[in-house]
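S.K.: To start, I am sharing the structure in question, which I have written as structure tokens.
The values are calculated or read from the model by the stated rules, or taken from the named source; none is laboratory data. This structure is a prediction, so every number in the text was calculated from the model and none was measured. No Cβ is skipped: glycine too gets one built from the backbone with ideal geometry, and neighbour counts run over all protein chains shown. When the accessible area is computed, the model is the full protein with side chains, heavy atoms only, and any ligands, DNA or RNA have been set aside. Shrake-Rupley method; radii C 1.70, N 1.55, O 1.52, S 1.80 Å.
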Amino acid sequence: MIKIENVSFQYKGTDTKVLDNLNLEIREGEIIAIVGKNGCGKSTLGKLIAGILKLKQGIITIDELDIKNKKNEQQIRDKIGIVFQNPENQIVFNNIKDEISFALKGINQEEIDNRIQNALKKVDMLQVKEQDLYNLSLGQKQRVIIAEVLAKNPKYIILDEPTTMIDSLGKEKIYQIIQNLKKQGYTLICITNLADEILLADRTFILEAGKLVTEIKKGELVDKAGEIVKHQIKLPTLLEILCKLNKKGKKIELEEYTVDELIKKI
């Protein structure tokens, strides 16, 4: 479990708190969506959890390990992986094997090969493992970066707007990967501005001016759609359809929140 308690943060040279006394918990094995307008603090929160930014006010614990304690740094680093919106900013090598193995220093070659194989399989990229990255689409590059994170065997994966720059087909592929990773026991934190990614989440946290203003469980999405709109977040098209059906007295309960499931229910 990740616990965030009374966390505040402001960047040097500014007077405004990006995060303001934030409290929330992220449970093992769930998909969390953290949403809000630009500047609400969601990416800052992801970087604090991952240890990219230094926490000064409040407490963050990863499986009861305090991230402020330097003795816990390596353990926490092993537990957390992070993927950013532009895969090209995370790529160091052009060769796929070299790129993934770069994150696996100190491990014997046989284990490295096994991890690369397994990680690429999880993102459905095993068929291109001999290719160079410059031959791949942006969506495929993002899947390689996800594989690089998976090869380190993290428990928690932070996805900071991972599909913002990717076309619709690439988005759909990454959504499938996120759902499959949850089934495999990973905990996923999706930081996003994209409406459809709310549908993947077990719980959605809405931030505004650095504060948590709303928490919505998946089963509450239709009933609390007004809360999402109130905070100027676009509703996913599927959720809009469910809301319209609900107003006409046709309440449909979905488990996976996919178009295919909606069609079957109808």
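S.K.: Can you list the HN-Hα couplings for segment 211-224, worked out from phi with the Karplus curve (6.51, -1.76, 1.60; θ = phi - 60°), rounded to whole Hz and with x for Gly and Pro?
M.R.: Along segment 211-224, the couplings run 10, 7, 9, 8, 10, 10, 7, 3, x, 9, 4, 5, 5, 10 Hz.
S.K.: Tell me whether segment 130-174 comes out rounded, prolate or oblate; compute the Cα gyration tensor, take square roots of the eigenvalues as a ≥ b ≥ c, and use a/c under 1.5 as the rounded threshold.
M.R.: oblate
S.K.: Taking all protein chains in place and a 1.4 Å probe, what share, in percent, of the accessible surface of segment 6-46 do carbon and sulfur account for?
M.R.: That share works out to 41 percent.
S.K.: Further question on the same structure: Rounded to whole Hz and in sequence order, give me ³J(HN,Hα) for segment 6-13 from the Karplus expression 6.51 cos²θ - 1.76 cosθ + 1.60, θ = phi - 60°, writing x for Gly and Pro.
M.R.: 6, 8, 10, 7, 9, 7, 4, x
S.K.: Using the structure shown, select from LYS70/LYS105; LYS152/LYS211; LYS218/LYS247; LYS68/LYS121 the pairs with a Cα to Cα distance greater than 28 angstrom.
M.R.: LYS152/LYS211; LYS68/LYS121
S.K.: Summarise the accessible area of segment 121-245 (1.4 Å probe, protein heavy atoms) by the percent that is carbon and sulfur. Walk me through the numbers on the way to the answer.
M.R.: Values: 2630 of 5280 Å².
Carbon and sulfur atoms account for 50 percent of the accessible area of segment 121-245.
S.K.: Going by average Cβ neighbours within 10 Å, how do the peptides 94-102, 252-260, 191-199 rank, with the highest at the top?
M.R.: Peptide ranking by packing, descending: 191-199, 94-102, 252-260.
S.K.: Order 8-14, 78-84, 61-67 from most to least packed using the mean count of other Cβ atoms within 10 Å.
M.R.: Ranking the peptides 8-14, 78-84, 61-67 by packing returns 78-84, 61-67, 8-14.
S.K.: Counting heavy atoms of the protein chains only and a 1.4 Å probe, report the per residue accessible area for segment 67-177 as a whole number of Å². Before the final figure, lay out the partial values.
M.R.: Working: 5740 Å² over 111 residues.
Ligands and nucleic acids excluded, the figure is 52 Å² per residue.
S.K.: Same structure, new question: Rounded to the nearest Å, what's the spacing between the alpha carbon centres of segment 206-253 and segment 48-79? Just the number, please.
M.R.: First find each Cα centre; the distance between them is then 32 Å.
S.K.: Would you pull out the residues with amide H under 5 Å of LEU159's amide H, same chain only if 5 or more places away, H placed 1.01 Å from N?
M.R.: For LEU159, whose amide H was placed from the backbone, the distant partners under 5 Å are VAL83, ILE189, CYS190, ILE191.
S.K.: Run down the aspartates and glutamates and flag those whose C-alpha is under 18 Å from the C-alpha of LYS17, throwing out any fewer than 8 positions away in its chain.
M.R.: GLU5, GLU208
S.K.: Given springs between every Cα pair under 10 Å in a Gaussian network model of the chain, which of LEU22, LEU207, LEU126 has the largest fluctuation?
M.R.: The residue with the greatest mean-square fluctuation here is LEU126.
S.K.: Give the relative contact order (percent, whole number) for the chain; include only Cα pairs under 8 Å separated by 6+ residues.
M.R.: Here the relative contact order equals 24 percent.
S.K.: Specify which labelled value, from (1) 1.01; (2) 0.98; (3) 0.96, agrees with Rg/Rh (Cα atoms, Kirkwood Rh) derived from the coordinates of the model shown.
M.R.: Among (1) 1.01; (2) 0.98; (3) 0.96, the one derived from this structure is (2).
S.K.: For GLN10, list long-range residues whose amide hydrogen, built 1.01 Å from N in the peptide plane, is under 5 Å from its own amide hydrogen.
M.R.: Amide H neighbours of GLN10: VAL18.
S.K.: Now for a different question. Relative contact order of segment 1-130, please, whole-number percent, based on alpha carbon pairs below 8 angstrom and at least 6 residues apart.
M.R.: 19 percent
S.K.: Separate question: For segment 18-35, just list the computed ³J(HN,Hα) in residue order, Karplus coefficients 6.51, -1.76 and 1.60, θ = phi - 60°, integers in Hz, with x standing in for Gly and Pro.
M.R.: 6, 10, 9, 6, 7, 9, 6, 10, 10, 8, 5, x, 10, 9, 10, 10, 10, 10
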